[in-house]
Ligand SMILES: Cc1ncc(COP(=O)(O)O)c(C=O)c1O
């Protein structure tokens, strides 16, 4: 994110806060960086990280494929112009109605269980393009809640189950195009990916079905703290290529969008209690849940002139009626004043997409800046939006 403080305070003034501001060029850069590192591989952008149509359109223009995990995400991809041929559906606990919808489409369906396969086969009237999700027994991630590849998680199938599911699919005349695994999110080293890739390759080599590609999932971490190092995606790509014989696919979300976006929030109230200083801002865990949900760290900076301010340590907290509603605890900041605008960095992944209406608060607006011009890519919700139920 290279937008100046001048631009950010201007946007906060014109569009109000809380406000997500995205630098479109940065998304293009991050996608290109992966495309260069993983040359020739399919990049399925994992749209759960950020499903804004304006952002999905940028990725479509960049030639990305897309991975959707719900019907809502499928529709988001359609709205952004992704064709079914460039999409994959990776669901868990998928309903029959959803399977019936998928059975008529031509996107790759990533099978998570035998139950899903059998129900899908019963509903399909044509050969389907399938991938099979392996549970490799290797998991990693920035939080226990984001580890998906270890044995005790609900995701994917163990090797034997996967083998019999894939063979059943072949018997029923479906196209088994790929094997897949996704071991977790926010991974900052190559080793877990390498371990999982070795297992995926060994399962693929034992499955006597020709595969079009092996998908090693997403999970590429980004530095949130100053002392964290960037993941070296070129060395990761090289290592994975030396293990995987088939063409490779990846499914990154966070890596592409995280650092393209800041969340702007305004300080409403400065107060102290029990010897602690609180800066109460207008974004809470309804706007950005990562700190409260995962204990995640986001850099937070004061936008604009900071001269002549001392330092003070604050809990930076939201407006929700929960003591767990915080964006940062014990954070040293320039001495804050009511009305200040703060920029919460790295808010592009799992920011808006995990936001909610808790405490009946409308969701924030989203702004995209490209080529020096800003435009609203999602308007701020109104109270009418919140209470528009058409029930008697
Ligand atoms: C199946 C699958 N693929 C890809 C991703 C993307 O992960 P990340 O945003 O960490 O790259 C996820 C996220 O949890 C996922 O569940």
Using alpha carbons only, how many degrees (0 to 90, rounded to 10) separate the axis of helix 191-206 from the longest principal axis of the chain? 20
Between residue 100 and residue 79, what length comes free when the chain is fully extended (0.36 nm per residue of separation minus the Cα-Cα distance, one decimal in nm)? 5.5 nm
On a full-extension model of 0.36 nm per residue, what is the gain between residue 168 and residue 270, subtracting their alpha-carbon distance, rounded to one decimal in nm? 30.4 nm
Quick check: from the Cα gyration tensor, does the chain come out rounded (a/c under 1.5), prolate or oblate? prolate
Using a Gaussian network model of the chain with C-alpha springs under 10 Å, which one of 272, 202, 150 is most mobile by mean-square fluctuation? 272
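By its C-alpha gyration tensor, with a ≥ b ≥ c as the square roots of the eigenvalues, how is segment 51-180 shaped: rounded for a/c under 1.5, else prolate for a/b larger than b/c, else oblate?
Values: a/c = 1.93, a/b = 1.15, b/c = 1.69.
Oblate shape, in that a/c is at least 1.5 and b/c is the bigger or equal ratio.
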Stretched out fully, how many nm does the piece from residue 313 to residue 239 gain, at 0.36 nm a residue minus the Cα gap? 22.3 nm
For segment 257-392, rounded, prolate or oblate, judged on the Cα gyration tensor with a ≥ b ≥ c (square roots of eigenvalues), a/c < 1.5 rounded, else prolate if a/b > b/c? oblate
Most exposed first by the Cβ proxy, i.e. fewest other Cβ within 10 Å, how do 233, 257 rank? 233, 257
Once both labels are modelled 7 Å past Cα along the beta-carbon direction, what's the residue 358-residue 226 spacing in nm? 3.0
Can you give the angle from 0 to 90° between the axis of helix 159-171 and the longest principal axis of the chain, with both taken from C-alpha atoms, to the nearest 10? 60
Any chance you could give the angle, 0 to 90 degrees and rounded to 10, that helix 24-37 forms with the longest Cα principal axis of the chain? 40
Hey, how many Å between the Cα centroid of segment 352-380 and the Cα centroid of segment 53-78? 17
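With the contact rule set at Cα under 8 Å and sequence spacing of 6 or more, what percent relative contact order holds for the chain? Kindly include the intermediate steps, with their values, before the conclusion.
Values: 848 pairs, mean separation 72.6, N = 392.
Relative contact order here is 19 percent.
By count of other Cβ within 10 Å, fewest leading, how are 320, 386 ordered? Let's see the in-between values first.
Details: 320 18, 386 13.
With the fewest neighbours first, 320, 386 line up as 386, 320.
Enter the mean projected area of the convex hull around the alpha-carbon atoms of segment 24-257, in nm², rounded to one decimal. Please list the in-between numbers first.
Working: hull surface 46.9 nm².
Mean orientational projected area (segment 24-257, Cα hull): 11.7 nm².
Calculate, for residue 305 and residue 71, the FRET efficiency according to 1/(1 + (r/R0)^6) with r their C-beta to C-beta distance and R0 45 Å; round to the nearest 0.05. Working shown, then result.
On the way: r = 47 Å, r/R0 = 1.05.
My answer for the efficiency is 0.45.
Provide 88, 376 in ascending order of the number of other Cβ atoms located within 10 Å of each residue's Cβ, fewest first.
Working: 88 26, 376 14.
Fewest to most other Cβ atoms nearby, the residues stand as 376, 88.
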Relative contact order (percent, whole number), segment 24-257, Cα cutoff 8 Å, 6+ residue spacing: 20
Euclidean distance of C-alpha centroids, segment 225-284 and segment 92-128, integer Å: 33
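We did not get these values from a lab; they are worked out from the coordinates using the rules stated. Note that this is a predicted model, so its numbers are computed, not measured. Cβ: placed from backbone, ideal geometry, glycine included. Neighbour counts: every protein chain shown.
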